[in-house]
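These notes concern the structure reproduced below.
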Amino acid sequence: MSVLKVTDATFEREVLAAELPVLVDLTAVWCEPCKALSPIVAQVATELAGKLKVVEVDVDLSPMVAQSFRAQSIPMLVLLSAGRIVDQLAGLVDKAAILRMVKPVLPAAANEIAPRELADLITRRRVLPVDVREAPYFARYRIPGAVNLPAVEVLGRAAELAPADGRIRVLYGRSGDEGRTLAESLRAHGVDVGFLAGGFLHWEADGFEIERGQPGAS
């Protein structure tokens, strides 16, 4: 999705009334840092198409928008959700900083499972946690009942992740990104799996039970 140019006249319709969260890029033709930021913002717009609306506002052509954000310098990025300002970034920033800012307002993936939900599903024997970390880490500590399938082996052993016993496989790594990336790749190949939001770090931080020592050891 491309970056939409918005003016004072279209701001309310395109931004305040938008169904998706909106990232507003305040810019001007004379601003060199703005020119450097523009392609980065375009990358974010493409990567998050359908999840985030990205618009550009020329502060010289649309002074009312600039005033509403109390923009004292540009470039400036403003994040809105449901018409309200959530966060903002000033100056030339990298893509990672933008992604960190917008992540809290992005809709969760359909197969993303929160730690509390996973704990409940494990108790009800509805899921099988799959730890995609390397074997030594899995051997030291893991989610109770999990099996180990290192990330480098996941795609080659995708058939093993089919829910033959009726339990959906939920992938998790150290962070949420590892499980998400692998789950997306598997689903693209027709293997229906979920992933743990925030990964093992989130599970541990939320205080859920951790199994330690060699699996199966008494």
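The values are calculated or read from the model by the stated rules, or taken from the named source; none is laboratory data. The shown structure was predicted, so the numbers you read here are calculated from the model rather than taken from an experiment. Because the Cβ atoms are built from the backbone with ideal geometry, glycine has one as well, and the counts that use them run over all protein chains shown. When the accessible area is computed, the model is the full protein with side chains, heavy atoms only, and any ligands, DNA or RNA have been set aside. Shrake-Rupley method; radii C 1.70, N 1.55, O 1.52, S 1.80 Å.
Looking for whichever is on the phi < 0 side of the Ramachandran plot and assigned to a loop (DSSP other than H, G, I, E, B) here; the options are 79, 92. Which one fits?
Being on the phi < 0 side of the Ramachandran plot and assigned to a loop (DSSP other than H, G, I, E, B) holds for just one of 79, 92, which is 92.
Residue by residue through region 1-36, note down the ones that are closer than 18 Å to residue 80 by Cβ, touching a strand residue (DSSP E or B) at 6+ places or on another chain (Cβ under 7 Å), open to solvent by less than 50 Å² (accessible area, probe 1.4 Å) and of a type in the set (A, V, I, L, M, F, W, C).
Those that are closer than 18 Å to residue 80 by Cβ, touching a strand residue (DSSP E or B) at 6+ places or on another chain (Cβ under 7 Å), open to solvent by less than 50 Å² (accessible area, probe 1.4 Å) and of a type in the set (A, V, I, L, M, F, W, C): 3, 6, 15, 18, 22, 23, 24, 26.
Please determine, by comparing only the residues of region 185-200 that are touching a residue at least 60 places away in the same chain (Cβ under 8 Å) and surrounded by fewer than 17 Cβ atoms within 10 Å (Cβ to Cβ), which one is farthest from residue 127 (Cα to Cα).
187
Looking only at region 37-58, which residues are of a type in the set (Gly, Ala, Ser), surrounded by 15 or more Cβ atoms within 10 Å (Cβ to Cβ) and within 20 Å of the chain's Cα centre (by Cα)?
Once the filter is applied, which keeps residues that are of a type in the set (Gly, Ala, Ser), surrounded by 15 or more Cβ atoms within 10 Å (Cβ to Cβ) and within 20 Å of the chain's Cα centre (by Cα), region 37-58 yields 42, 45.
If I ask for residues that are within 12 Å of residue 26 (Cα to Cα), among the aliphatic types (A, V, I, L, M) and open to solvent by less than 50 Å² (accessible area, probe 1.4 Å), which ones from region 67-100 would you list?
Hits for region 67-100 are 71, 74, 76, 77, 78, 79, 89.
Specify the residue that is nearest to residue 18 (Cα to Cα); the eligible residues are those in region 34-73 that are among the charged types (D, E, K, R) and modelled with pLDDT of 90 or more.
53
Take residue 25 and tell me if it is in a strand (DSSP E or B), in contact with a helix residue (DSSP H, G or I) (Cβ under 8 Å, 6 or more places away or on another chain) and without any contact (Cβ under 8 Å) to a residue 24 or more places away in the chain.
It is false that residue 25 is in a strand (DSSP E or B), in contact with a helix residue (DSSP H, G or I) (Cβ under 8 Å, 6 or more places away or on another chain) and without any contact (Cβ under 8 Å) to a residue 24 or more places away in the chain.
Answer yes or no: is there a residue in region 57-79 that is more than 14 Å from residue 197 (Cα to Cα), touching a residue at least 60 places away in the same chain (Cβ under 8 Å) and in contact with an Asp or Glu (Cβ under 9 Å, 6 or more places away or on another chain).
Among the residues of region 57-79, not one is more than 14 Å from residue 197 (Cα to Cα), touching a residue at least 60 places away in the same chain (Cβ under 8 Å) and in contact with an Asp or Glu (Cβ under 9 Å, 6 or more places away or on another chain), which makes the answer no.
Which condition breaks for residue 111 when tested against (1) open to solvent by 30 Å² or more (accessible area, probe 1.4 Å); (2) under 30 Å from residue 167 (Cβ atoms); (3) modelled with pLDDT under 90?
(1)
For region 127-149, give me each residue that is within 17 Å of residue 161 (Cα to Cα) and either among the hydrophobic types (A, V, I, L, M, F, W, C) or open to solvent by 10 Å² or more (accessible area, probe 1.4 Å) (or both).
Correct list: 127, 128, 130, 132, 133, 145, 146, 147, 148, 149.
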